[in-house]
Every structure is written in C-alpha cells, then in structure tokens.
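Since the structure comes first, as structure tokens, the remarks are kept for the end.
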Amino acid sequence: MILKRMLDFPNYGWRSAFDDLERMRRDMDRLFGQVVGRAYWPTHAGVFPLVNISEDKENFFISAELPGLESREIQISATGKNLTISGERRIASEGENVKYHRREREGGQFNRVIALPNDIEVDKIQASYSNGILSITVPKAEAAKPKQISIK
Amino acid sequence: MAEIKELQAKEKVAATVPPEQTKPGPVFNPNVDILETEKDIIMLADIPGVKPEDLVIDLRDDTLTLTGEVKQASRQNAEDILMEYQVGSYHRQFTLAEMIDQNNIDASLNNGVLRLTLPKAEKAKPRQITVRAG
C-alpha cells in the first residue's frame with residue numbers, strides 16, 4: 001500500500017511513508033492491548049472527568065485527573081449504585097497586561113454520574129485529592145460482596 | 001459575566017518528541033498556557049499525578065524541557081473494570097525566544113498544576129527609546 005501510494009503520488013516523500021508505518025505500529029499496539037485485556041481506548045463515556053475504576057472484593061476504587069482544583073471545590077454525592085462527581089474548574093485571570101502565546105488549559109463546569117455495577121455503602125465512601133488526582137474508595141454493600149460457600 | 005461552559009472530556013495526546021526512556025510506558029503532552037508580562041514569561045502546565053520530586057525542569061541555552069514522571073501505586077488484588085484514561089509520564093519541550101534570567105526562575109507545583117516563572121533578562125525587557133533631534 002505504501003509503495004502504491006508512493007508510485008501514485010511521486011511527490012509523496014519518505015516522511016509520509018514512515019508516518020504510515022508509525023500509524024500501523026500504533027494500531028497494532030492497540031489491537032494487541034485489546035487481546036491482552038487492557039482495553040484502554042474503546043470505551044469512554046465522553047463526560048469530564050474521565051475515570052479509571054478498579055475493584056477488589058470489598059471496594060470499588062475510582063480515580064480521576066482533576067488538575068488545578070481545591071478539594072473543597074469538588075462535590076461528591078452518592079445514591080444507591082450511583083456516584084456523582086461535580087464541580088467547576090476555574091482558570092484564574094493573569095491580569096490585564098498579559099499576552100498569551102498558548103492557551104490550552106480549559107476551565108468550566110463538570111458533572112458526571114458513574115453507575116457502579118453493585119450497590120454501595122453510601123455512608124462509608126472515602127475520597128482524597130492530591131497532586132491533582134481525585135481518588136475515591138467506595139465500599140460495596142454487604143449483599144454485593146462475594147461469599148465463600150463451603151460444600152458439605 | 002461570561003457564561004460558564006461545560007468541560008469536555010479529552011483523551012491525552014501522545015508527546016510529539018518522546019524522550020529516551022529507561023522505563024517503558026506512555027508519554028503524554030501536557031496542556032500548557034504560556035503567557036508573557038512585561039517582566040516575565042509564565043508557563044502553566046497541567047500535570048496531574050506528578051509529585052514535586054518527580055518533576056524535572058531543564059533550561060539549556062534556549063530550550064526548556066519539562067519532564068514529569070507519574071508513579072502509580074498499584075493496588076494488590078484489585079482488578080481494573082473501566083480504564084478511560086491512561087497513566088503515563090509527561091514531556092514537552094519549548095524553544096524560548098527571549099533571554100531568561102536563569103538565576104531567578106521560580107517553579108511551584110500545586111494540585112497538579114505547575115507554575116513556572118521565567119524572568120526576562122535585563123536586555124530583553126522592552127525599553128523606551130527616545131529619538132533625539134539633531
């Protein structure tokens with residue numbers, strides 16, 4: 001394919017040929033990732049903030065990247081199986097007489113509901129915020145925890 | 001007052017010039033604001049997860065390099081059920097057009113946001129030039 005493209009467009013330089021190779025390599029990496037079970041990209045809800053969730057027998061662990069907030073500016077609430085993270089990220093004004101070369105950081109409101117697969121202990125949720133990462137530990141409800149069953 | 005907008009979820013962008021790494025893993029481009037006042041060049045960068053001791057800021061000649069490593073504490077016996085964002089290091093490099101007073105650079109890291117103040121060297125500061133008639 002690369003060869004064909006280069007023949008079709010004589011001006012297509014080596015650079016783009018290498019770009020193609022690079023893209024193919026990345027696609028392969030992604031495919032392998034999915035096979036191994038680390039499916040990073042195919043699923044995200046498209047709602048800020050993006051979250052990573054893991055679980056053990058007792059708890060769900062939720063983490064989200066929220067740089068530049070204060071812990072009091074993040075609201076977390078929970079009902080039944082649902083956990084809501086909301087707040088507003090403010091980008092402070094740098095004053096009147098500044099000239100911007102680049103402006104990539106964005107501020108705004110966010111409000112995200114996460115539906116967990118099991119009931120949760122709403123009263124025992126713990127959250128911490130450090131280095132811009134929000135970490136929430138959500139204990140599973142007693143009925144949702146796995147039980148060992150002994151065979152008589 | 002301006003209307004408050006909703007924040008959009010965005011995937012991280014891979015670093016354009018990945019540094020040579022000793023440990024394998026993804027490297028991302030942090031979002032930055034770069035602004036200029038009369039005295040300083042200020043750079044703000046979102047680098048969530050980077051601890052102050054894992055951040056390296058290097059200014060050599062006119063090239064400013066930012067490298068932040070994210071060390072993630074892995075939980076034993078915990079199983080991933082949803083991975084919406086990737087965790088990796090941050091790397092970005094800029095070429096500075098101005099002369100910087102290297103002795104008075106100030107950097108602070110607060111809640112995942114780096115604020116870097118690079119004071120302009122004396123000769124780079126704007127100066128009013130009066131034209132004499134004669």
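Miscellaneous remarks
- Distance (nanometres) between label positions extended 7 Å along Cα→Cβ at B:Glu38 and B:Lys51: 4.2
- Pairs from the table (B:Lys10/B:Lys39; A:Lys124/B:Lys12; A:Lys124/A:Lys147; B:Lys23/B:Lys51; A:Lys81/B:Lys5; A:Lys99/B:Lys71) lying more than 25 angstrom apart at Cα are B:Lys10/B:Lys39; A:Lys124/B:Lys12; A:Lys81/B:Lys5; A:Lys99/B:Lys71.
- Within 10 Å of the Cβ of each residue in B:40-48, the mean number of Cβ atoms contributed by other protein chains is 5.
- Neighbour-count order for B:Asp61, B:Asp80, fewest beta carbons within 10 angstrom listed first: B:Asp61, B:Asp80
- Charge dipole of chain B (Cα centre as origin; +1 on each Lys and Arg Cβ, -1 on each Asp and Glu Cβ, all else neutral): 380 debye, rounded to the nearest 20.
- Share of pairwise Cα-Cα distances greater than 26 Å in chain B is 38 percent (whole percent).
- Pairwise FRET efficiency - A:Leu31 versus A:Glu73, Cβ, R0 = 45 Å, nearest 0.05: 0.70
- Estimated FRET transfer efficiency (B:Ser108, B:Glu79; beta-carbon r; R0 35 Å; 0.05): 0.40
- For the pair B:Glu98 and B:Val13, a Förster radius of 25 Å applied to the C-beta separation gives a FRET efficiency near 0.45, rounded to the nearest 0.05.
Read-outs throughout are calculated quantities, based only on the coordinates presented, and are distinct from any laboratory measurement. Just so we're clear, the structure is a prediction, and the values are computed from it rather than from any experiment. Cβ sites come from the backbone with ideal geometry, for glycine too, and all protein chains shown count toward neighbours.
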